[in-house]
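This report concerns only the one structure given below.
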Amino acid sequence: MNDFNERAKNWDTNSKIERSNTIAKSIKNNIKLDKNMSILDFGCGTGLLIFPLIKEVKTVHGIDLAPNMLDVLKEKGKNHKNLTTELKGIYEITETFDLIMSSMVMHHIEDINKLAKKLYDSLNLGGIIAIADLMKEDGSFHDSLDGIYALGFSNELLKKIFKGVGFKEIKVVENIFIIEKKKKKYPLFLLIAKR
Ligand SMILES: C[S@@+](CC[C@H](N)C(=O)[O-])C[C@H]1O[C@@H](n2cnc3c(N)ncnc32)[C@H](O)[C@@H]1O
């Protein structure tokens, strides 16, 4: 994860801001946000997914394993009284939330069965997950596969795993955004499911 520490200062490019804003829009189109809601963003990075949503909910807690990412987030978010951050991984979470979201993190997590179970256990009853990541790709998205545990995810696999740990009303919205790089197109999905 050291790589993310090194990239933190230059993380917020126009293309990543556009990507996160589009994911946030897709979350809002699929989930009714309200002022009583607590959100956890795991692998929040510099908070690109947090800022388009934070005014619509009660609290947002951002966690990440890279301290430099969190430093950038804390600086950008210092005027948001309802934002808290913590240097920790998803498995260290002990509280529960109404909405757990993440963007481009799941392919960095080794065992998504274990992750799905942890997310289920970290939701309040009726709580929802909103996870954006790469659809199946050919392995060319990352320059190095160090720390990459999945070459994107298929709709079928996501439904099987998240249903298997108890999630209901599972929906995979495909092609919510297309990342274009190396003359290739890498579409993203948004997985939504309810406890
Ligand atoms: C590709 S970046 C995405 C950052 C941000 N979500 C965004 O879309 O701009 C992945 C982030 O996930 C974090 N991360 C990886 N594994 C994690 C874990 N198990 N728990 C929490 N954060 C994790 C990394 O440190 C990194 O900041």
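At a glance:
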read-out: First in the stretch 135-153 and under 16 Å from Lys181 (Cα atoms) and in contact (Cβ under 8 Å) with a residue 40 or more places away in the chain, second anywhere and assigned to a loop (DSSP other than H, G, I, E, B) and among the aliphatic types (A, V, I, L, M), Cβ under 7 Å, 6 or more apart; value: Glu137/Leu151
read-out: Filtered residues of the stretch 160-189 (kept if under 18 Å from Ser140 (Cβ atoms) and either free of Cβ contacts under 8 Å to residues at least 40 places away in the same chain or of a type in the set (Lys, Arg) (or both)); value: Ile178, Glu180, Lys181, Lys182, Lys183, Lys184, Lys185
read-out: Selection count, the stretch 19-33, where residues are in contact (Cβ under 8 Å) with a residue 12 or more places away in the chain and either touching a helix residue (DSSP H, G or I) at 6+ places or on another chain (Cβ under 6 Å) or among the charged types (D, E, K, R) (or both); value: 4
read-out: Subset of the stretch 16-38 (residues that are surrounded by 14 or more Cβ atoms within 10 Å (Cβ to Cβ) and in contact with a strand residue (DSSP E or B) (Cβ under 8 Å, 6 or more places away or on another chain)); value: Arg19, Ser20, Thr22, Ile23, Ser26, Ile27, Asn30, Ile31, Leu33, Met37, Ser38
read-out: Residue check, Arg19 within 8 Å of the ligand (Cβ to nearest atom), at pLDDT 95 or above and part of a helix (DSSP H, G or I); value: yes
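The values are calculated or read from the model by the stated rules, or taken from the named source; none is laboratory data. It should be emphasised that the depicted structure is a prediction, and the values quoted were computed from it without experimental measurement. Note that we place each Cβ from the backbone using ideal geometry, even for glycine, and neighbour counts take in every protein chain shown.
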